[in-house]
Amino acid sequence: MDTNLLPAMDMSTNTTGCCPKFNPEGWDGRQLHFEDKPFVRATTRSLLHVPINMGTVFTRVQEHIEDAGAQNPTGYLVLSRDLSSTEAEHLFAVTRDVPDEEMTTLTGDFITRVFEGPYRHAKEWHHVMETAAEAAGQTAKRIFMFYTTCPKCARAYGKNYVIGVAEI
């Protein structure tokens, strides 16, 4: 298993000028191994799990990542999880430290599953990730969702792919 590598992504298909069109090939049933993989950590506010300031936070973080030259040119990964009904955590994979942002690292093994559908199914997908970890003889420690496109781009592309990522 390769360390700190993500499945390849095609960043060239971007008809919206916002998010590239996501191709889920290579993401389902994948095992990822991270060793001190750097991430920018940011939090957003929510109201009953509905994000309030996600656009502002994501725009700020992405600008800082680009200014620092820390974006992986072959893809991206943002791991999101709810900490409570009023706060969510987002980990943006980067290639180096990003000034003016909180940095963290991840070390461990992770499994992935591809989902497609509306964001309201996230609770069901969370359960599927727990079951997938159990089927692999493991217990899911933390479960993240990688929302591959924003809602506007998901509508434009006609598919809303979400990748479940469970730390095992």
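The values are calculated or read from the model by the stated rules, or taken from the named source; none is laboratory data. All values derive from a computational prediction rather than experimental measurement. Here the Cβ is made from the backbone with ideal geometry for all residues, glycine too, and neighbour counts use every protein chain on show. Side chains included, ligands, DNA and RNA excluded: accessible areas come from the protein's heavy atoms. Shrake-Rupley method; radii C 1.70, N 1.55, O 1.52, S 1.80 Å.
Descriptive notes on the structure:
- Taking 19 Å as the cut-off, the amide N atoms of the range 125-142 that come nearer than this to a point 7 Å along the Cα-to-beta-carbon line of D109 belong to 129-142.
- Gain on full extension, evaluated as 0.36 nm per residue between N4 and Q31 minus their Cα-Cα distance, stands at 8.6 nm.
- Lysines with Cα under 25 Å of K152, excluding same-chain neighbours fewer than 8 positions away: K21, K123
- The range 62-168: chymotrypsin sites (Phe, Trp or Tyr not before Pro) in DSSP coil with no more than 14 other Cβ atoms inside 10 Å: none
- Across every pair of non-identical alpha carbons in the range 91-163, the mean reciprocal distance, once inverted, gives a Kirkwood radius of 14.3 Å.
- Inter-probe distance in nm under a simple model that places probes 7 Å from Cα toward Cβ, at Y119 and E134: 2.9 nm
- Using a probe of 1.4 angstrom and keeping all protein chains present, the accessible surface of the chain works out to 54 square angstrom per residue.
- A full extension of the chain between T95 and R60 corresponds to an added length of 10.9 nm, given 0.36 nm per residue minus the alpha carbon distance.
- Placing R0 at 22 angstrom, the Cβ-Cβ distance between T74 and R142 gives a FRET efficiency of 0.30 after rounding to 0.05.
- Helix-only [θ]222 nm of the chain, DSSP H runs n ≥ 4, -39500 (n - 2.57) each, per residue, nearest 500: -6500 deg cm²/dmol
- Two-site label geometry, T86 and V50: point separation in nm, points 7 Å out along Cα→Cβ: 1.7 nm
- Summed residue charge, Cβ within 10 Å of D10's Cβ, Lys/Arg positive, Asp/Glu negative: 0
- Each Cα pair under 8 Å and six or more residues apart adds its separation to the average, and for the chain the resulting relative contact order is 27 percent.
- Span from the the range 46-74 Cα centroid across to the the range 115-168 one, whole angstrom: 19 Å
- Gyration tensor (Cα) of the chain, equivalent ellipsoid semi-axes in angstrom: 22, 19, 18
- Within the listed set R41, R142, R155, the residue fluctuating most in the Gaussian network model of the chain (springs between alpha-carbon atoms under 10 angstrom) is R155.
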